[in-house]
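*Asks:* My structure is below; once you've seen it, I'll send some questions.
The values are calculated or read from the model by the stated rules, or taken from the named source; none is laboratory data. Please read these numbers as outputs of a predicted model, since none were measured by experiment. For neighbour counting, all protein chains shown are included, and Cβ atoms are generated from backbone atoms with ideal geometry for every residue, glycine included. Heavy atoms of the whole protein, side chains included, go into the accessibility calculation; ligands, DNA and RNA do not. Shrake-Rupley method; radii C 1.70, N 1.55, O 1.52, S 1.80 Å.
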Amino acid sequence: MSAPVLVINSGSSSIKYQLVDGETMEASTSGLIERIGQSDSVLTHKHDGAKTVREDRFGDYAAGLEAMVAAFEEHGTPLAEAGLIAVAHRVVHGGERFVQPVVVDDEVERAIDELSALAPLHNPANLEGIRTARKLFPKLPQVAVFDTAFHATVPERAHLYAVPAEWREEHGVRRYGFHGTSHAYVSRKAAEMLGKSPKEVNVIVAHLGNGASVTAVERGRSIDTSMGLTPLEGLVMGTRSGDIDPAIVFHMHRQTGASFAELDAALNKRSGMLALSGHADNREIERAAAAGDRAAQTALEIYCYRIRKYIGAYIAALGGADAIAFTAGIGENSAEVRARALSSLVALGVDLDEAANAAGGPVVSTPHSPITVMVIPTNEEGEIAAQTAALLRS
């Protein structure tokens, strides 16, 4: 590797990691540590096609990262000998302050902590990973790469909410958008597949996983995106509601006496496809729908309708699109979701090739479709590593 970067994504009880070349964006090693803080923690480490699983108790992030270091020593190249140029961290919310990757120091740590008010489910865990890694790798630059950064180019007409000025000015209330590293990578790959520069094309990216968002990318720049102040707005997701009338929160507070923290948890963790069908996993929903489960059928219809509505709106916002790119777990693997989401968009320039879609692409539209529809595997860790290497070069 010419520019090895250890990419860390710290969740509330998990750590994902990859050793990635910041020049080629290719990973040699990856792993996942799950159920941190519980008695049945699990580390899954993959290197050169081999998988190693270790079951243990990793009581905190420090124990988890120390287990990661040990896994590298036992299976593959020890990190101390890998020639690392940096440790890079995914941070969900950068607010208006962080619109580019940044080398982490004490001041950056404090700022990320302050931004936890905007992402209380994500930033604290991201920050815990950063703090732990700074102690574990004291001589390496620690770089934070922000999910929100790619959407810093969204214009006021799309990012301003019509709320009191003091909310916007004093509390940072606006649309920020998320999944930025995925949208950046996939929109650039879509341009490559068209044989053009990103600055020559308009691309709509549908990042469809347990969390999901759609972004309108105009000549390489995000101009609108479905997620908002938080990752709750927009599409129906695995456990998140997506767009709702905000007055529902106050209505349920008055009707049930539920606290705002309880309502927040309900909308983020007990809503979405889980609430509609009883399942959060799209594979289970598709199986149940095929077996005649009416709730699953309705959930799938709602899910795909919301995607279709956003894609149609973004074709209008862009004044026409050159490509629509599906990515992430559902976007890459569900032919049914892609077909349903694009149904009735023929008038807007989408002509789906059913056979190609069933085969998974990479191009799933017909040759004469005015808008090329693609399936592009995302590479968020590769994008984070590439942005980190570029930052250090500069």
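*Asks:* Distance in nm between label sites at ALA347 and ALA390, each 7 Å beyond Cα in the beta-carbon direction?
*Replies:* Using points 7 Å along Cα→Cβ, the separation is 3.9 nm.
*Asks:* Between LYS309 and GLU169, what FRET efficiency comes out of the Förster formula 1/(1 + (r/R0)^6) with R0 = 30 Å and r the beta carbon distance, rounded to 0.05?
*Replies:* It comes out at approximately 0.45.
*Asks:* Also, I was wondering about something else. What is the distance, in nm, between label points placed 7 Å from the Cα along the Cα-to-Cβ direction at ILE248 and at GLN100?
*Replies:* 4.0
*Asks:* Counting DSSP beta bridges with both partners in segment 4-146, what percentage is antiparallel, nearest 5?
*Replies:* Antiparallel bridges: around 75 percent, rounded to the nearest 5.
*Asks:* Hey, can you rank 351-364, 167-180 by average C-beta count inside 10 Å, highest first?
*Replies:* Descending mean neighbour count gives 167-180, 351-364.
*Asks:* Sticking with this one: Where in the chain are the helices, taken as whole DSSP H runs, whose Cα atoms extend 24 angstrom or more along the long axis and whose Kyte-Doolittle mean reaches at least -0.5?
*Replies:* Answer set is 294-318.
*Asks:* Can you sort GLU109, GLU218, GLU96 by 1.4 Å-probe accessible area, starting with the largest?
*Replies:* Solvent-accessible surface, decreasing: GLU96, GLU218, GLU109.
*Asks:* On a straight-distance basis, which aspartates and glutamates could pair with LYS139 in a cross-link, Cα separation under 13 angstrom, same-chain partners fewer than 8 positions away excluded?
*Replies:* ASP105
*Asks:* Rounded to the nearest 0.05, what FRET efficiency do GLU114 and ALA50 have when you use their Cβ-Cβ distance and R0 = 41 Å?
*Replies:* Step by step, r from the Cβ atoms, then E = 0.45.
*Asks:* Accessible area, 1.4 Å probe, largest first: how do LYS189, LYS16 sort?
*Replies:* Accessible-area ranking of LYS189, LYS16, largest first: LYS16, LYS189.
*Asks:* While we're here: Compare the Cα positions of THR372, VAL91, THR29 along the charge dipole of the chain (+1 at Cβ of Lys, Arg; -1 at Cβ of Asp, Glu; about the Cα centre) and return the one farthest towards the positive end.
*Replies:* Selected residue: THR372.
*Asks:* Could you pull the accessible area for SER277 with a 1.4 Å probe, rounded to 10 Å²?
*Replies:* The accessible area comes out at roughly 20 Å².
*Asks:* Which percent of Cα pairs goes in each bin when the distances of segment 4-146 are cut into 5 angstrom slices starting at zero?
*Replies:* All Cα pairs considered, the percentages come to 2, 10, 21, 22, 20, 14, 7, 3, 0.
*Asks:* Assuming R0 = 35 Å, what is the FRET efficiency of GLU66 and SER197, from their Cβ-Cβ distance, to the nearest 0.05?
*Replies:* The calculated FRET efficiency here is 0.20.
*Asks:* About its Cα centre, how strong a charge dipole does segment 247-362 have in debye, to the nearest 20, once Lys and Arg get +1 and Asp and Glu get -1 at the Cβ?
*Replies:* The dipole of segment 247-362 has a size of about 440 debye.
*Asks:* How big is the shadow of the Cα convex hull of segment 195-375, averaged over all directions, in nm²?
*Replies:* Orientation-averaged projected area of the Cα hull: 11.0 nm².
*Asks:* I would also like to ask the following. Just order 39-45, 86-92, 76-82 by mean Cβ neighbour count inside 10 Å, highest at the front, would you?
*Replies:* 86-92, 39-45, 76-82
*Asks:* Please give the peptides 203-213, 53-63 ranked by average Cβ packing (other Cβ atoms within 10 Å per residue), highest first, as a rough proxy for protection.
*Replies:* Highest to lowest by the protection proxy: 203-213, 53-63.
*Asks:* Computed over the Cα atoms of the chain, what is the convex hull's projected area averaged over all directions, in nm²?
*Replies:* Over every viewing direction, the Cα hull of the chain projects on average to 20.7 nm².
*Asks:* Can you tell me how much longer the chain between ALA358 and LYS135 gets when fully stretched, taken as 0.36 nm per residue apart minus their C-alpha distance, in nm with one decimal?
*Replies:* That pair, ALA358 and LYS135, stretches by 75.5 nm at full extension.
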